[in-house]
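Undergrad: I have a structure I would like to understand better, so I am pasting it below and will then ask my questions one at a time.
The values are calculated or read from the model by the stated rules, or taken from the named source; none is laboratory data. What you see is a predicted model, and the numbers here were worked out from it, not measured in a lab. Cβ placement follows ideal geometry from the backbone for every residue including glycine, while neighbour counts extend to all protein chains displayed.
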Amino acid sequence: MPANNRMSAADRLVQTLSAAALEPGLGSVLLWDAPEWLLTGIADLFARILSQVHDQNVAWFPLMSGETEDRMWGCWQPRSDSNGVRLSWKSGLLAGPDQGKVPRLLVLPDLSTLEPLTARACVEAMSGVPPACPSASVGMVSPHLLDRWAIRLAWRIDGKDLRQCRLSQCLTQSETWEIPLPTRWNTILDQARKCSATLDSTIMDRLMEWTGTEAISGESVQGYRRTIALARLSIALARMQGCNTVQKENLEEALKLLGLERKNTPRPRQNSALPPPEANPSEKNTNKPEKKDPSGENPNFSEVNPGKGNEQDPVFSGEPHPPETLEGLEFCEEEKPYPEDHADSLRENSPLRPLSGTQWAEGQHHGRPIGSKPVQDPSEMAIIPTVLEAAKWQAVPHRSSHARVNNGLSILFSDLRAHRYLAKPDHQFVLLLDFTSVTGRDWEKALFPDLHWAYVRRARIGVVRVGAADAAHPWCAQRLEARNLLDPRILRGLQAEGGQATPLADGFRQVRLLLRKAMGHGRGAATLARLVIITDGRGNVPLEDSLLNRAPPGNVGAKGIEDAIIQARSLAMIRNLQVVLLDPQPRYLSHLPGQYAAILKAWVRTIGPRVEQESIS
Amino acid sequence: MSNPTMGGGSGNVLPYHRLVGQNAVKLALELSYVVPRIGGVLLSGRRGTGKSTAVRAFSHAVKDGELPVTLPINATEDRVVGGWDVTKLMAGKLEWKPGLLEDAHGGTLYVDEINLLDDHIVNIILDVASTNILVVQREGGQREKRNIEFTLVGTMNPEEGGLRPQLLDRFGLSVNVSEEMDSNNRRQILSNVLDQDRRQRLNETDPETQQERKNLKDRLDSARERFKEMKPSSELIGDCVALAEAFQVEGHRSDLVLARAAMALAAMEPSETSHHAHLQRVAPLVLQHRRPEAASGERLPWSDQENEKVKEILSHARK
């Protein structure tokens, strides 16, 4: 990898985080595809830069996808002292007494897996949150949420170099991995803090050229945030260079950092963190301070000034370790800096709205506890919330009249509390798809009402693939499971040609295992399932061969079908299971689908032949 | 030291007079301030269109630099209506801690992302906003009836789901916020935001802000006083009913809000102009979220044809 590229990436990182720290409106950075181990290093670096800019210690906190309300906002906690156990309020990550006074850095390891509670909290309480998001999952994240992040960095990790470096540093130097902040950045940040920059009309004109273009606004204009972020970033870059007015180079650099640089815009050759070449002093901004640092050198980038002829010098060349530390870190040249504008929507409608308890099996204890509520039924009492509730009232006079056991806690009925659970869907949808039976049949159209059923109920999804030509083990069925229909793996799993083998018996066996797990395990078990079977019933792999993952030896005869029927019978005993059989109307053994339907007491719908587009036209 | 508030936090509020465009938003906020019983304002628009900015700026202007009381999205019923003070409770004292509704008395209660809030909390807020009365009865104690008056403003991005029609109807006024498409206005918006950033960084005050704030408050407070003296004419009442019928609006709330909003506008602009002109301006704010299409989740913008329809109905009424 060319040294210049490598340093550009490292430089871009420090430069961008510094800009985000300097301009309050830029205090949110989104990293695409950053692995968790790198994210922690970057969060630590960002915290140090924030500490430097705000002149006070800034710590960072991870905000995981399944955070509880208590941890986010605060809760009463028991505390023991000489007077016994007392309750004291513990502030959450998002709501402390110092909120708004001390910057706090929150880190979200994966934006695409945030639960509605956490996502809503982020929308409401954005304050310096660098999250990571897999770019492939961008369609799963609410654009309303993504739009809050002013700066996005696209990463491509050149695997082992950086990882090896991190491991080496952890083993030889300290247990924690730290991305060093080059010391000269202290000078740059100190200078930038004292500096203020404005946009003159020329730069404003250039900036406005970008407003409304597809590059910055997507297919349609999307509010003002992106333009404002671009302007603020330009200002921050100017401040880092000690300029009082934003220069053309600052805007171009900001465009580059945001991935907005036009293809036809000539790229400046200097390193991204570097000031413009000083070849012609008369062209320099007259507003730029002429200050020199006490050492007599220009504090800005003196080691790497391209005007001095070392255009290819790495940014961190003056430091003993940094170049190696970020070796392997490379930026993607994103064609689309705002991928959410173009991504297929893989999210649910209203993804920031949690399911309501009334909509989904009220009273069922599905999700994890997220709070407490007064009990309706004493059998659902939760001990800790009850004790905490009772503790609040102990000193109230009317309590003293109640008998207490060994001077313990007085608990009245009104104190009893039950957990409030995160509502989760309690439906399961399972599709058994025999790819060898649907050639030339329009099975997608026939399946649509059932997919609609699954979507509307936010059902969990299981797909059992039988006879797919792309199967790694053709003698076995493959099982896919996903949280809902919008998981991209499901769509991919439905796209295959039919192969030679039809391990239908194994398919039914896998359906049984899947349903047993979905409907019988844990408190989140589904209460209703729908199984859709698409097959002509002509299995040709006995179950034993599937279990041994081997090609059937010799002529199997009807063994594959007999095994499949036996396995199908076992499904008929599952309660609360709706079965739908989509009959592809095979030319041979056309009675078989009906036989399976009878065993499973299934509704039968037929699948018509596929009508090609050409024939329609 | 730099201001530590990040993410464009509460310390960085754009002055109200520096808002560019957004005339319907401004009108709705001002009407609701003059007559809080209009029942609140719902600002619905896509991300980044300046909804929250406008609300904060307005509250900052009319409440002497204070930000609106903001309802957190995780607000519990206790926090909204009030409850026993837990700290005092543990010391053996029963002391009531007022909720956010009481905190907002005399000012603005702002509910960002109102479509993400639990429906029962929204119901409570809307009840108080439209009746100005808060009664709390819980945990063995009844609080005396309290009169509470605030301007309710909710914002939402419809991409994240809508409000049920029953809740929509309870908002007096609604504005579909869209962004300025005019490049000069967009330029001015950017310039104003960056100016404000700079002032915040340098801890400067905008010399015009204080005077503009006073002018606005004087104008709106005078309108409030004038409104108290106003009586609705029978023609106004007839026109409000005619409009509501023509737009097939269910219930009577729209008639009432139309009349109050038209009177509030008349109080703000104490001229001799006919109430028809006032109705023409407030009709979109009152009727657009109550049209039958809204019940099916459609978010159709208020069209020129509908403006013409209002004009036609009012001209017939005149005859």
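Undergrad: Taking the stated definitions as given, is A:S590 farther than 20 Å from A:S437 by Cα and over 38 Å from the mean Cα position of the chain (by Cα)? I'd like the intermediate steps shown before the answer.
TA: Values: farther than 20 Å from A:S437 by Cα: no; over 38 Å from the mean Cα position of the chain (by Cα): yes.
In short, no.
Undergrad: Have a look at B:G92, B:G65, B:G106 and point out the one that is surrounded by fewer than 16 Cβ atoms within 10 Å (Cβ to Cβ), modelled with pLDDT under 85 and farther than 27 Å from B:E144 by Cβ. Talk me through it step by step, then tell me what you get.
TA: Values: B:G92 fails: farther than 27 Å from B:E144 by Cβ; B:G106 fails: farther than 27 Å from B:E144 by Cβ.
When all the criteria are applied, what remains is B:G65.
Undergrad: Any idea which residue in segment A:201-216 is modelled with the highest pLDDT, counting only those that are touching a helix residue (DSSP H, G or I) at 6+ places or on another chain (Cβ under 7 Å) and more than 10 Å from chain B (Cβ to nearest Cβ)?
TA: A:I203
Undergrad: Further question: Inspect all residues belonging to segment B:71-82 and state whether any of them is small (G, A, S), more than 14 Å from the chain's Cα centre (by Cα) and surrounded by fewer than 21 Cβ atoms within 10 Å (Cβ to Cβ).
TA: Initial filter on segment B:71-82 (small (G, A, S)): B:75, B:82.
In the following step, the residues that additionally are more than 14 Å from the chain's Cα centre (by Cα) were identified as B:75, B:82.
Next, only the ones that are surrounded by fewer than 21 Cβ atoms within 10 Å (Cβ to Cβ) stay: B:75.
Yes: segment B:71-82 contains one or more residues that are small (G, A, S), more than 14 Å from the chain's Cα centre (by Cα) and surrounded by fewer than 21 Cβ atoms within 10 Å (Cβ to Cβ).
Undergrad: Okay, next question. Does any residue of segment A:569-589 turn out to be among the small types (G, A, S), in contact (Cβ under 8 Å) with a residue 40 or more places away in the chain and touching an Asp or Glu at 6+ places or on another chain (Cβ under 9 Å)?
TA: Residues of segment A:569-589 that are among the small types (G, A, S), as a first pass: A:570, A:572.
Keeping just the survivors that are in contact (Cβ under 8 Å) with a residue 40 or more places away in the chain gives A:570.
Cutting the leftovers down to touching an Asp or Glu at 6+ places or on another chain (Cβ under 9 Å) gives us none.
Scanning segment A:569-589, I find no residue that is among the small types (G, A, S), in contact (Cβ under 8 Å) with a residue 40 or more places away in the chain and touching an Asp or Glu at 6+ places or on another chain (Cβ under 9 Å), so the answer is no.
Undergrad: Something else about it: Test of understanding: among B:A246, B:A242, B:A262, which residue is over 20 Å from B:V20 (Cβ atoms), within 24 Å of the chain's Cα centre (by Cα), away from chain A (no Cβ under 14 Å) and at pLDDT 90 or above? Give the derivation first.
TA: Working: B:A246 fails: within 24 Å of the chain's Cα centre (by Cα); B:A242 fails: within 24 Å of the chain's Cα centre (by Cα).
None of the other options fit; the residue is B:A262.
Undergrad: When you look at A:D55, is it surrounded by fewer than 21 Cβ atoms within 10 Å (Cβ to Cβ), at pLDDT below 75 and within 12 Å of chain B (Cβ to nearest Cβ), yes or no? Outline the logic, then answer.
TA: Numbers: surrounded by fewer than 21 Cβ atoms within 10 Å (Cβ to Cβ): yes; at pLDDT below 75: no; within 12 Å of chain B (Cβ to nearest Cβ): yes.
Taking the combined requirement at face value, the residue does not satisfy it.
Undergrad: Mind checking whether some residue in segment A:261-268 is modelled with pLDDT under 50, away from every other protein chain (no Cβ under 14 Å) and either in contact with a Leu (Cβ under 8 Å, 6 or more places away or on another chain) or crowded, with 22+ Cβ neighbours inside 10 Å (or both)? If you could, list the steps in order and put the result at the bottom.
TA: At the first step, the residues of segment A:261-268 found to be modelled with pLDDT under 50 are A:263-268.
Filter again for away from every other protein chain (no Cβ under 14 Å), leaving A:263-268.
If we keep only those that are either in contact with a Leu (Cβ under 8 Å, 6 or more places away or on another chain) or crowded, with 22+ Cβ neighbours inside 10 Å (or both) too, we end up with A:265.
Within segment A:261-268, one or more residues are modelled with pLDDT under 50, away from every other protein chain (no Cβ under 14 Å) and either in contact with a Leu (Cβ under 8 Å, 6 or more places away or on another chain) or crowded, with 22+ Cβ neighbours inside 10 Å (or both).
Undergrad: Taking the condition away from every other protein chain (no Cβ under 14 Å), out of contact with any Phe, Trp or Tyr (no Cβ under 6 Å at 6 or more places or on another chain), of a type outside the set (D, E) and surrounded by 20 or more Cβ atoms within 10 Å (Cβ to Cβ), does B:L31 pass?
TA: Numbers: away from every other protein chain (no Cβ under 14 Å): yes; out of contact with any Phe, Trp or Tyr (no Cβ under 6 Å at 6 or more places or on another chain): yes; of a type outside the set (D, E): yes; surrounded by 20 or more Cβ atoms within 10 Å (Cβ to Cβ): yes.
Spelling it out, B:L31 is indeed away from every other protein chain (no Cβ under 14 Å), out of contact with any Phe, Trp or Tyr (no Cβ under 6 Å at 6 or more places or on another chain), of a type outside the set (D, E) and surrounded by 20 or more Cβ atoms within 10 Å (Cβ to Cβ).
Undergrad: Restricting attention to segment B:34-54, and to residues there that are within 11 Å of another protein chain (Cβ to nearest Cβ) and of a type in the set (D, E, K, R), which single residue is surrounded by the most Cβ atoms within 10 Å (Cβ to Cβ)? Step through it out loud before you land on a result.
TA: First, pick out the residues of segment B:34-54 that are within 11 Å of another protein chain (Cβ to nearest Cβ): B:45-53.
From the residues that got through so far, the ones that are of a type in the set (D, E, K, R) too are B:46-47, B:51.
Details: B:R46: 20, B:R47: 20, B:K51: 25.
Ranking the qualifying residues of segment B:34-54, first place goes to B:K51.
Undergrad: Taking interchain pairs and intrachain pairs at least six residues apart, which have beta carbon atoms under 8 angstrom, with the first residue in segment B:231-251 and touching a residue at least 24 places away in the same chain (Cβ under 8 Å) and the second among the β-branched types (V, I, T)?
TA: Between residues of segment B:231-251 that are touching a residue at least 24 places away in the same chain (Cβ under 8 Å) and residues that are among the β-branched types (V, I, T), the close pairs are B:D239/B:I313; B:A242/B:I313; B:L243/B:V310; B:L243/B:I313; B:A246/B:I313.
Undergrad: For segment B:220-239, what are the residues that are surrounded by 14 or more Cβ atoms within 10 Å (Cβ to Cβ) and under 21 Å from the mean Cα position of the chain (by Cα)?
TA: Across segment B:220-239, the qualifying residues are B:L220, B:S222, B:A223, B:R224, B:R226, B:F227.
Undergrad: Sticking with this one: Just to check your reading of the model, which residue among A:I616, A:I574, A:I566 is among the aliphatic types (A, V, I, L, M), modelled with pLDDT under 90 and over 39 Å from the mean Cα position of the chain (by Cα)?
TA: On the way: A:I574 fails: over 39 Å from the mean Cα position of the chain (by Cα); A:I566 fails: modelled with pLDDT under 90.
Among A:I616, A:I574, A:I566, only A:I616 is among the aliphatic types (A, V, I, L, M), modelled with pLDDT under 90 and over 39 Å from the mean Cα position of the chain (by Cα).
Undergrad: Name the single residue, out of those in segment B:89-105 being within 7 Å of chain A (Cβ to nearest Cβ) and in contact with a helix residue (DSSP H, G or I) (Cβ under 8 Å, 6 or more places away or on another chain), that is nearest to B:K145 (Cα to Cα). Full working, then the answer.
TA: Step one: of segment B:89-105, the residues within 7 Å of chain A (Cβ to nearest Cβ) are B:89-92, B:94.
Those left that are additionally in contact with a helix residue (DSSP H, G or I) (Cβ under 8 Å, 6 or more places away or on another chain): B:89-90, B:92, B:94.
On the way: B:L89: 22, B:M90: 26, B:G92: 25, B:L94: 18 Å.
Here the residue is B:L94.
Undergrad: Looking only at segment B:147-177, filter to residues that are over 18 Å from B:N115 (Cα atoms) and surrounded by fewer than 23 Cβ atoms within 10 Å (Cβ to Cβ); which one of those is farthest from the other protein chains (Cβ to nearest Cβ)?
TA: Restricting to residues being over 18 Å from B:N115 (Cα atoms) and surrounded by fewer than 23 Cβ atoms within 10 Å (Cβ to Cβ), the top hit is B:N147.
Undergrad: Output the number of residues of segment B:58-87 satisfying the condition of being within 14 Å of another protein chain (Cβ to nearest Cβ) and hydrophobic (A, V, I, L, M, F, W, C).
TA: Within segment B:58-87, residues that are within 14 Å of another protein chain (Cβ to nearest Cβ) and hydrophobic (A, V, I, L, M, F, W, C) number 6.
Undergrad: Given the condition over 17 Å from A:Q578 (Cα atoms) and in a helix (DSSP H, G or I), answer yes or no: does some residue in segment A:444-465 qualify?
TA: Yes, because at least one residue in segment A:444-465 is over 17 Å from A:Q578 (Cα atoms) and in a helix (DSSP H, G or I).
Undergrad: For B:R224, which of the numbered conditions (1) among the charged types (D, E, K, R); (2) touching a Ser or Thr at 6+ places or on another chain (Cβ under 6 Å); (3) assigned to a helix (DSSP H, G or I) fails to hold?
TA: So the condition that B:R224 fails would be (2).
Undergrad: Please specify each residue of segment A:1-52 satisfying the condition of being of a type in the set (K, R) and modelled with pLDDT under 85. Spell out how you get there, then give the answer.
TA: The first filter runs over segment A:1-52 and keeps only residues of a type in the set (K, R), leaving A:6, A:12, A:48.
Passing the criteria: A:R6, A:R12.
Undergrad: Also, quick follow-up: Taking only pairs six or more apart or across chains, which ones have beta-carbon atoms under 9 Å, a first residue in segment A:369-397 that is within 14 Å of chain B (Cβ to nearest Cβ), and a second residue that is hydroxyl-bearing (S, T, Y) and part of a strand (DSSP E or B)?
TA: Matching pairs, first to second residue: A:I370/A:Y421; A:G371/A:Y421; A:P385/A:S372; A:L388/A:S372; A:E389/A:S372.
Undergrad: State which residue pairs qualify: first residue within 17 Å of B:L173 (Cβ to Cβ) and assigned by TED's automatic domain parsing to the domain that holds B:S52 and inside segment B:114-127, second residue of a type in the set (D, E, K, R) and outside any loop (DSSP other than H, G, I, E, B) in any location, beta carbons under 7 Å apart, and separation of 6 or more residues or different chains.
TA: From segment B:114-127, the pairs are B:N115/B:E160; B:L126/B:R170.
Undergrad: Let me ask something else about it. Take the residues in segment A:186-200 that are under 35 Å from the mean Cα position of the chain (by Cα) and within 12 Å of A:A238 (Cα to Cα); name whichever of them is nearest to the other protein chains (Cβ to nearest Cβ).
TA: Looking at the filtered set, the residue picked out is A:R193.
Undergrad: In segment A:454-471, which residues are in contact with a strand residue (DSSP E or B) (Cβ under 8 Å, 6 or more places away or on another chain) and surrounded by fewer than 17 Cβ atoms within 10 Å (Cβ to Cβ)?
TA: Result: A:A469, single match.
Undergrad: Tell me which residues, restricted to segment B:182-210, are facing chain A (nearest Cβ under 8 Å) and either within 24 Å of the chain's Cα centre (by Cα) or surrounded by 12 or more Cβ atoms within 10 Å (Cβ to Cβ) (or both). Talk me through it step by step, then tell me what you get.
TA: Here is the first cut: in segment B:182-210, the ones facing chain A (nearest Cβ under 8 Å) are B:183, B:186-187, B:189-191, B:193-194, B:197-198, B:200-202.
B:S183, B:R186, B:R187, B:I189, B:L190, B:S191, B:V193, B:L194, B:D197, B:R198, B:Q200, B:R201 - these are the residues of segment B:182-210 that are facing chain A (nearest Cβ under 8 Å) and either within 24 Å of the chain's Cα centre (by Cα) or surrounded by 12 or more Cβ atoms within 10 Å (Cβ to Cβ) (or both).
Undergrad: Another one. Within segment A:60-94, how many residues are part of a strand (DSSP E or B), modelled with pLDDT of 70 or more and of a type in the set (A, V, I, L, M)?
TA: Of the residues in that region, 1 qualify.
Undergrad: Considering only residues that are under 16 Å from B:S274 (Cβ atoms) and not polar (S, T, N, Q), which ones fall in segment B:232-256?
TA: Filtering segment B:232-256 for residues under 16 Å from B:S274 (Cβ atoms) gives B:232-240, B:242-243.
Those that are under 16 Å from B:S274 (Cβ atoms) and not polar (S, T, N, Q): B:P232, B:E235, B:L236, B:I237, B:G238, B:D239, B:C240, B:A242, B:L243.
Undergrad: Taking only segment A:441-450 into account, find how many residues are without any contact (Cβ under 8 Å) to a residue 60 or more places away in the chain and either charged (D, E, K, R) or surrounded by 18 or more Cβ atoms within 10 Å (Cβ to Cβ) (or both). Give the derivation first.
TA: Going residue by residue through segment A:441-450, those that are without any contact (Cβ under 8 Å) to a residue 60 or more places away in the chain are A:444, A:448-449.
Filter once more, keeping what is either charged (D, E, K, R) or surrounded by 18 or more Cβ atoms within 10 Å (Cβ to Cβ) (or both): A:444.
Of the residues in segment A:441-450, 1 are without any contact (Cβ under 8 Å) to a residue 60 or more places away in the chain and either charged (D, E, K, R) or surrounded by 18 or more Cβ atoms within 10 Å (Cβ to Cβ) (or both).
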